[in-house]
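Undergrad: Quick one: this structure, given as structure tokens, is what I'll be asking you about.
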Amino acid sequence: MKTLTQEFTKGLWEQIPPFRLVLGLCPTLAVTKSLEGGWGMGLATTFVLVCSNIFISALRNVIPPKVRIATFIVIIATFVVITELVMKAYTPMLSETLGVFIPLIVVNCIILGRAEAFASKNGVGRSLLDGLGIGLGFTLALAVLGALRELLGTGKLTMFAQANLDLTIIPLGEGREFLFKFMVDPPGAFVCLGAMLLLMNLISERSARSKAA
Amino acid sequence: MRNKIWFMAVVLGVVAFLAGLALSGVKGMTTPIIEKRILEQKIKPSLDKFFDGLDLENDCIEDRQVLDLGKDARGRKQVTTLFLGKKGGKTVVAALQTKAAGFGGDIEVLTAFSLDDKKILGVKTLSQSETMGLGARVSNDAEPFIQQFGGMNYSDGVAMRSNGGQVDAISGATVSSVAFTAAVNRATVLVEKNVDSAAAN
Amino acid sequence: MEVLAAALVIGGIGMISAIGLGVAAKVFAVYIDPKVVEVDEVLPGANCGGCGYTGCAAAATAVVKGKAGPNVCVVGGQECAEAVAAIMGLSAEEGEVGIAELGCKYDVRKAHLLFDYDGIEDCRAAALVNGGGKVCSMGCLGFGTCISACQFGALYRGADGLPAVDKEKCTACGACERICPKGIIRVQTPSRKFTHVQTDDDCVAPCQATCPAQIDIPAYIAAIGRGDYEKAVCIIKESNPFPLVCGRVCPHVCESVCRRNDIDEPVNINHLKRFAADFEMNSGKRFLPQVLPSNGKRVAIIGAGPGGLTCAYYLARMGYYVKVFEAMPKPGGMLLYGIPEYRLPKKTLEWEIGGILELGVELECDKALGKDFTIEDLYEQEYDAIFLAVGAWDSRRLGVPGEQDFPQVASGTEFLIKRGLGEETPVGSDVIIVGGGNTAMDAARTSWRLGAENVYLLYRRSRKEMPANDIEVDEGEHEGIKYHFLAAPTKLIGTGGKLDAMEFLKMELGEPDASGRRRPVPIEGSESNIQADNVFSAIGQSPDLTCLDAEGVATGLNRTKWNSIVAADGTMQTDVANIFSGGDAWRGAATAVEAIRDGRFAARSINLFLMGEEMTLPSNWYAKAPKLPGIDEGIKLDTSERAKMIELSVDERRMNFNEVELGITEEMAKKESERCLQCGEVCYQGYREKAS
Amino acid sequence: MTEYLLLVVYAVLVNNILLAQFLGNCPFLGTSQKMSTATGMAMAVIFVLTFAGVITWAVQWYVLVPLELEYLQTIAFILVIAALVQLVEIVLQKTAPALYSALGIFLPLITTNCAVLGVAIINIKEDYDFANTVVFSFASAVGFGLALVLFAGLRERFALSRMPKALQGTVSGLITAGLMALAFQGFMKLGG
């Protein structure tokens, strides 16, 4: 049995999605055109993950096995729709950036996966911490990926468009395109995520080697 | 018991029922906020610009009216908001949101009218999802295509030049231009039809 | 109103879905293996496809079929893998958490396995080109493709140039197994290992190929050389749960085929085994093997001898409920009642059997088949299979006049069994033993220890033909046993029920008989007498199957003309599908190590039989020890001296039953282990061709 | 007719659901390791996507719109899709075992494939009528299948090549997918 702290921190490195658990790739690839998209999607997912984990773990002994998935999906979908509505109300620009990927949180394997693998077997407190850890790990990963892609692709960093919190790190002349523009295009998404995974693998390999030595 | 059909139905039904309840609650809470935000952030700046220097007596955002346009072909309820500006107790300007299907989805347009001389004061794209660099140019206020609407007489509606009208299309984005013009035209029709009755209120 | 509409719509869709699914599940129900369902339920059910299977149900099916490991789920993590493993643990063996293990044990460089090949450095490419052009058709190619295939960093190149497995990291994912073109590296579960039957695809040394129990001898000798005695014991126990016993009483045919014979003397394999086993016993702590969770199936074993207990040992490890019924008051069979204390101390045997019983094997002594219960009774107690290992307790009579007249004439086994039971067995000053096997030697040396002045041993052939272990004959000689070779008893002489002497005939060797040994032919008129107070005959034992004779004890079991049970070699299955047999009851009086082999083979078959799997052996299994090539002259190896067992002096043995052989020291064991050539079956063939 | 043809070209090549819209990436990487799996998956996706597109279209226009409950789209769609796919799986398994072993086994994988819900939502967002919905759903699925099968072909080759350990598996898969996406960007010009 993991301690509560471990339950939380495992999501931040040991099981950080999508790097360690290669899950939730669709949003990871689609919304990380900008830093804002990254953290926005991450936090929205975290919210849904935490709430649905809490509810599912609370209801875990009532749900009949045959309609288990359907029930989980209803619970998750409810929180997704809540997120959708709330974001439309309070962070409309972010909501527009993320577009169809907000409703698609409902089919994010990370959420259903945690619901099944963890929340349906553990208590409310643990499930909350698990959801929070995995969610924040996901947010972190998406934010890093978003920042990297945006910076390489446009030279800018969109922190929060609604509040005009944008940074131009590498200024470009008017009408000029950045060298790595493809980074914000679909191919860049795949390549960038691939490169990040590669980096993680190399780090793990090195630390394993130094541990062995 | 957990494998009995009725029990499965009840559990899933109840969970879904509660979900429906919760969602309509959240919907109820967020709708006014969304509405208010759209008014304040999207409509108001444009109206202020269009009606600049007219010294209207009323706050046209406050005095808005919701027009029920009936249902569209698919059965969706259609509404639009009419903004009226008064001067000397008389309605002198109006603005209206309309939309039409463009290349990549609906284009939403806010059109402002000067009622006395039947002229369009200006148009503003509220939302669109057209092709970048082509149809998407409709959202640029400085675009000649947008600029040409200002001061246009609308008593006979507006139409593309190709259809015998007065509007020049954005080259390479005919679909978007046609849609945009259709939306504006729809607004002129609605204004013609509704303003008198609205002004009478 | 709107609120209610929303709630009703979603609630309605939910309810309809649930009813639809529920009804469909009932109406269109198909049979699904309950195990698949069970595994499916512990899988996360996200159906993400990350595992490469089409959803969780497909992954569960793959796990149950053994195509995927318990760690198949990329989402579930460790807990999920453990849960799956726990469920799968209940099956034959697929569910056990195994680790990858290399099939080729031989140093790539030392055994000159490197070969002429200069293509792409990849095992699969090399295997395509004529097997890499390598002499050994089964060995590791050594390019380490499996190492790069391992996602977990569990494989690395060991010091011998072969891939080595880091047990901590191996997750039994099977990536290496799939990529290896020669099937050398396999994910091995403990039971897959201990139910393995040698085939000619196995790269084995002559000793291992000859050992009836198929012990991986080079591996345990290497472990002893490394000082890893626990590992050595574990390797032995994969094929033989009686290392203490076999280390003492085994005739060690392995040593007779040791390739070291071509150079100097064979490696002292048996005493190395004994050294490792003694190490475990003297450490006071048992190296307990992994036992799978119970699978709910019950097996009854009749006879707590080496065969029965071996079968019990392996079945218990595979999660069976095993109960052993023993007719005698204590377990051990002939090991206890046939082998005298000075060769195999009762305490040692007891400790060894204790290790088997500690795995959860139930034992009920003083329960004789045919007297206290029948086979039918066992079915009633819901035993799913039976292993019949009742041994060979009947001894052949001399068949000479006067045999029935004197109480001082008995069979060697009767004499030894009495001693085993702790009864008084006084002998006079002149004792004659007839026979040339180990039982004869045991009776002779026991008589000497009981105080007999003159112990004579009559054998109808010459010393060379004696079936007893050489060491026994030599030790007997040291202890003053007087051998009369080429002699056969003809008459027992005595008066008033008191035996006086035995008359015997001299023999000479004639033409070879069916067994290849020269047949002894009596020399007419060569009769002479020896004075005798006791005569023990030890001229052969056979199974005593009277226990099966009673009405309804065992219907359908057939017997051979030698009064042994009919069963198929290899599967050990009798003519009744769920009854298996082995050991002396099946093969006639033989050695402990052969009974152990039968017990292990029977455990394998019983497991497969009860799990509904095919139990026939591969066509190329070693039913008999194969002849493997020796070493040619091409090889220059330094000679070295074989470790000599430390023994009690002859004076120290008289009038007591203290164990004669004291074992070898750690230093000797290490030195002896270095004498092992670590040969594979064909490595040396390759070496030879390379050298020439 | 031209309209439908254009829609097909658009959905299959220009705006490929996998490589341009990033819908359905989890099964993309998971099921592309073997050609046989990839083909089966592609067929199953074509079936389910078209089916789900039609059903959700009906739910939208005959249930949600008349009741003015469009905001419940997400939850209603996913519920319907999940239940229907599971239902189809159960029925297929019993009534058409051959079809089930060819396509049905992929069904669970598709329930939570965001391509299905994604296309359903796009159908509504784009205001497609029934015919367009069918064509677009089908064409999107074909686009998915095309990318998947091509990719599986590449990955089968990869399995035989030597590459550094850190690059194996998902990493090389992603980078290849990136290159494929780059190739598909070439079709962009087709869209005008």
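Undergrad: Among (1) within 9 Å of chain C (Cβ to nearest Cβ); (2) in a helix (DSSP H, G or I); (3) open to solvent by 30 Å² or more (accessible area, probe 1.4 Å), there is one condition D:Tyr4 misses while meeting the rest; what is its number?
TA: Condition not satisfied by D:Tyr4: (1).
Undergrad: If I ask for residues that are modelled with pLDDT under 75 and either within 14 Å of another protein chain (Cβ to nearest Cβ) or open to solvent by 30 Å² or more (accessible area, probe 1.4 Å) (or both), which ones from segment C:137-152 would you list? Lay out the reasoning, then the answer.
TA: Of the residues in segment C:137-152, the ones modelled with pLDDT under 75 are C:137-139, C:151-152.
Residues satisfying the conditions are C:Ser137, C:Met138, C:Gln151, C:Phe152.
Table: residues versus (1) modelled with pLDDT of 85 or more; (2) under 27 Å from A:Phe182 (Cβ atoms).
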site	(1), (2)
D:Glu3	no, no
D:Val8	yes, yes
D:Val54	yes, no
D:Leu64	yes, no
D:Ile81	yes, no
D:Gly104	no, no
D:Pro108	no, no
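Undergrad: Which one is nearest to the chain's Cα centre (by Cα) among residues in segment D:48-68 that are without any contact (Cβ under 8 Å) to a residue 40 or more places away in the chain and assigned to a helix (DSSP H, G or I)? Steps first, please.
TA: Taking segment D:48-68 and keeping what is without any contact (Cβ under 8 Å) to a residue 40 or more places away in the chain, we get D:51, D:55, D:58-59, D:61-68.
From the residues that got through so far, the ones that are assigned to a helix (DSSP H, G or I) too are D:51, D:55, D:58-59, D:61-64.
Values: D:Phe51: 12, D:Ile55: 16, D:Ala58: 19, D:Val59: 20, D:Trp61: 23, D:Tyr62: 25, D:Val63: 25, D:Leu64: 24 Å.
Looking at the filtered set, the residue picked out is D:Phe51.
Undergrad: For segment B:76-92, which positions are in contact with a Cys (Cβ under 9 Å, 6 or more places away or on another chain) and either closer than 19 Å to B:Ala183 by Cβ or within 14 Å of chain D (Cβ to nearest Cβ) (or both)? Walk me through it before giving the result.
TA: Applying the first criterion (in contact with a Cys (Cβ under 9 Å, 6 or more places away or on another chain)) to segment B:76-92 yields B:83-86.
Scanning segment B:76-92 gives a single hit, B:Phe83.
Residue-by-condition table, conditions (1) of a type outside the set (Val, Ile, Thr); (2) open to solvent by less than 30 Å² (accessible area, probe 1.4 Å); (3) within 11 Å of chain C (Cβ to nearest Cβ):
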site: D:Val12; (1), (2), (3): no, yes, no
site: D:Ile17; (1), (2), (3): no, yes, no
site: D:Gln21; (1), (2), (3): yes, no, no
site: D:Asn25; (1), (2), (3): yes, yes, yes
site: D:Gly30; (1), (2), (3): yes, yes, yes
site: D:Pro66; (1), (2), (3): yes, no, yes
site: D:Leu79; (1), (2), (3): yes, yes, yes
site: D:Pro97; (1), (2), (3): yes, no, yes
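Undergrad: Taking segment B:78-103 on its own, how many of its residues are exposed (fewer than 14 other Cβ atoms within 10 Å of the Cβ) and either at pLDDT 80 or above or touching a Lys or Arg at 6+ places or on another chain (Cβ under 6 Å) (or both)?
TA: Here is the first cut: in segment B:78-103, the ones exposed (fewer than 14 other Cβ atoms within 10 Å of the Cβ) are B:78-79, B:88-90.
Right, trim to either at pLDDT 80 or above or touching a Lys or Arg at 6+ places or on another chain (Cβ under 6 Å) (or both) and you get B:78-79, B:90.
Total meeting the criteria: 3.
Undergrad: Determine if segment C:466-485 includes at least one residue that is in contact (Cβ under 8 Å) with a residue 24 or more places away in the chain, closer than 14 Å to C:Val409 by Cα and assigned to a helix (DSSP H, G or I).
TA: No, every residue in segment C:466-485 fails to be in contact (Cβ under 8 Å) with a residue 24 or more places away in the chain, closer than 14 Å to C:Val409 by Cα and assigned to a helix (DSSP H, G or I).
Undergrad: May I ask you to list the residues in segment C:433-478 that are of a type in the set (S, T, N, Q) and within 28 Å of the chain's Cα centre (by Cα)?
TA: Keep residues of segment C:433-478 that are of a type in the set (S, T, N, Q), which gives C:438-439, C:446-447, C:454, C:462, C:469.
The answer is C:Asn438, C:Thr439, C:Asn469.
Undergrad: Right, another one. Where in segment C:487-585 are the strands (runs of 3 or more DSSP E), entirely inside, with at least 3 residues that are open to solvent by less than 40 Å² (accessible area, probe 1.4 Å)?
TA: On the way: elements: C:487-495, C:498-512, C:518-522, C:528-531, C:534-537, C:579-581.
Qualifying strands (runs of 3 or more DSSP E): C:487-495, C:498-512, C:534-537, C:579-581.
Undergrad: Please tell me if B:Ser114 is more than 21 Å from B:Gly53 (Cβ to Cβ) and polar (S, T, N, Q). Please lay out each step first, then the result.
TA: Details: more than 21 Å from B:Gly53 (Cβ to Cβ): no; polar (S, T, N, Q): yes.
So B:Ser114 does not fit the description; no.
Undergrad: Also, quick follow-up: In the set C:Ser294, C:Ser239, C:Ser283, which member is touching a strand residue (DSSP E or B) at 6+ places or on another chain (Cβ under 7 Å) and of a type in the set (Gly, Ala, Ser)? Before the answer, list the steps.
TA: Working: C:Ser239 fails: touching a strand residue (DSSP E or B) at 6+ places or on another chain (Cβ under 7 Å); C:Ser283 fails: touching a strand residue (DSSP E or B) at 6+ places or on another chain (Cβ under 7 Å).
So the residue among C:Ser294, C:Ser239, C:Ser283 that is touching a strand residue (DSSP E or B) at 6+ places or on another chain (Cβ under 7 Å) and of a type in the set (Gly, Ala, Ser) is C:Ser294.
Undergrad: Right, next: Tally up the residues in segment A:65-116 that are of a type in the set (Phe, Trp, Tyr) and away from chain C (no Cβ under 14 Å), please. Outline the logic, then answer.
TA: Filtering segment A:65-116 for residues of a type in the set (Phe, Trp, Tyr) gives A:72, A:79, A:90, A:101.
Still in the running and away from chain C (no Cβ under 14 Å): A:90, A:101.
The total comes to 2.
Undergrad: Within segment B:1-35, can you find the residues that are open to solvent by 60 Å² or more (accessible area, probe 1.4 Å) and more than 9 Å from chain C (Cβ to nearest Cβ)?
TA: Hits for segment B:1-35 are B:Met1, B:Arg2, B:Met29, B:Pro32, B:Glu35.
Undergrad: Inside segment A:51-64, can you point out the residues that are away from chain D (no Cβ under 13 Å), open to solvent by less than 40 Å² (accessible area, probe 1.4 Å) and either in a helix (DSSP H, G or I) or farther than 29 Å from C:Lys26 by Cβ (or both)?
TA: Applying the first criterion (away from chain D (no Cβ under 13 Å)) to segment A:51-64 yields A:51, A:53-64.
Still in the list and also open to solvent by less than 40 Å² (accessible area, probe 1.4 Å): A:51, A:53, A:56-57, A:63-64.
Across segment A:51-64, the qualifying residues are A:Cys51, A:Asn53, A:Ile56, A:Ser57.
Undergrad: Give segment A:11-50 a look and list any residue that's within 14 Å of chain D (Cβ to nearest Cβ) and part of a helix (DSSP H, G or I), or say none.
TA: Residues satisfying the conditions are A:Leu25, A:Cys26, A:Pro27, A:Thr28, A:Leu29, A:Ala30, A:Gly37, A:Gly38, A:Met41, A:Ala44, A:Thr45, A:Val48.
Undergrad: Inside segment C:399-432, can you point out the residues that are touching a Leu at 6+ places or on another chain (Cβ under 8 Å), part of a loop (DSSP other than H, G, I, E, B) and either in contact (Cβ under 8 Å) with a residue 40 or more places away in the chain or among the aromatic types (Phe, Trp, Tyr) (or both)? Before the answer, list the steps.
TA: Kept after step one, since they are touching a Leu at 6+ places or on another chain (Cβ under 8 Å), are these residues of segment C:399-432: C:400-403, C:405-406, C:408-409, C:420, C:425-427, C:432.
Applying the additional criterion that residues be part of a loop (DSSP other than H, G, I, E, B) yields C:400-403, C:405-406, C:408, C:425-427.
C:Val400, C:Pro401, C:Gly402, C:Glu403, C:Asp405, C:Phe406, C:Gln408, C:Val427 - these are the residues of segment C:399-432 that are touching a Leu at 6+ places or on another chain (Cβ under 8 Å), part of a loop (DSSP other than H, G, I, E, B) and either in contact (Cβ under 8 Å) with a residue 40 or more places away in the chain or among the aromatic types (Phe, Trp, Tyr) (or both).
Undergrad: Name the residues in segment C:488-519 that are under 17 Å from C:Gly435 (Cα atoms) and touching a Gly at 6+ places or on another chain (Cβ under 7 Å), would you?
TA: Residues satisfying the conditions are C:Lys491, C:Leu492, C:Arg518, C:Arg519.
Undergrad: Something else: Specify which of the listed residues (D:Leu148, D:Leu92, D:Leu107) is within 14 Å of chain C (Cβ to nearest Cβ), surrounded by 18 or more Cβ atoms within 10 Å (Cβ to Cβ), part of a helix (DSSP H, G or I) and free of Cβ contacts under 8 Å to residues at least 40 places away in the same chain.
TA: Of D:Leu148, D:Leu92, D:Leu107, the one residue that is within 14 Å of chain C (Cβ to nearest Cβ), surrounded by 18 or more Cβ atoms within 10 Å (Cβ to Cβ), part of a helix (DSSP H, G or I) and free of Cβ contacts under 8 Å to residues at least 40 places away in the same chain is D:Leu92.
Undergrad: Could you tell me which residue of segment A:11-45 is modelled with the highest pLDDT, considering only residues that are farther than 17 Å from A:Phe101 by Cα and in contact with an Asp or Glu (Cβ under 8 Å, 6 or more places away or on another chain)?
TA: Out of the qualifying residues, it is A:Gly11.
Undergrad: Being surrounded by fewer than 22 Cβ atoms within 10 Å (Cβ to Cβ) and more than 7 Å from chain C (Cβ to nearest Cβ) is the requirement here; does D:Glu70 meet it?
TA: Details: surrounded by fewer than 22 Cβ atoms within 10 Å (Cβ to Cβ): yes; more than 7 Å from chain C (Cβ to nearest Cβ): yes.
Yes, satisfied.
Undergrad: Now for a separate question. I'd like to know if segment B:70-79 contains one or more residues that are touching a residue at least 24 places away in the same chain (Cβ under 8 Å) and out of contact with any helix residue (DSSP H, G or I) (no Cβ under 6 Å at 6 or more places or on another chain).
TA: Taking every residue of segment B:70-79 in turn, none turns out to be touching a residue at least 24 places away in the same chain (Cβ under 8 Å) and out of contact with any helix residue (DSSP H, G or I) (no Cβ under 6 Å at 6 or more places or on another chain).
Undergrad: Moving to a separate point now. Just wondering, is there one or more residues in segment B:122-129 that are under 15 Å from the mean Cα position of the chain (by Cα), part of a strand (DSSP E or B) and under 14 Å from B:Ala182 (Cβ atoms)?
TA: For segment B:122-129, residues under 15 Å from the mean Cα position of the chain (by Cα), part of a strand (DSSP E or B) and under 14 Å from B:Ala182 (Cβ atoms): present.
Undergrad: Please state which of the following conditions D:Met41 fails to meet, knowing it meets all the rest: (1) within 9 Å of chain C (Cβ to nearest Cβ); (2) touching a residue at least 60 places away in the same chain (Cβ under 8 Å); (3) open to solvent by 20 Å² or more (accessible area, probe 1.4 Å).
TA: Status for D:Met41: all satisfied but (3).
Per-residue answers, yes or no, for (1) open to solvent by 10 Å² or more (accessible area, probe 1.4 Å); (2) more than 29 Å from A:Asp185 (Cβ to Cβ); (3) touching a strand residue (DSSP E or B) at 6+ places or on another chain (Cβ under 9 Å):
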| position | (1), (2), (3) |
| --- | --- |
| A:Thr3 | yes, yes, no |
| A:Phe8 | yes, yes, no |
| A:Pro17 | no, no, no |
| A:Leu29 | no, no, no |
| A:Arg68 | yes, yes, no |
| A:Thr71 | no, yes, no |
| A:Met87 | yes, no, no |
| A:Met93 | yes, no, yes |
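The values are calculated or read from the model by the stated rules, or taken from the named source; none is laboratory data. The structure displayed is predicted, hence computed values, not measured ones. Every residue, glycine as well, gets a Cβ built from its backbone with ideal geometry; the counts of neighbours run over all protein chains shown. What goes into the accessible areas is simple: the full protein's heavy atoms, side chains included, and nothing from ligands, DNA or RNA. Shrake-Rupley method; radii C 1.70, N 1.55, O 1.52, S 1.80 Å.
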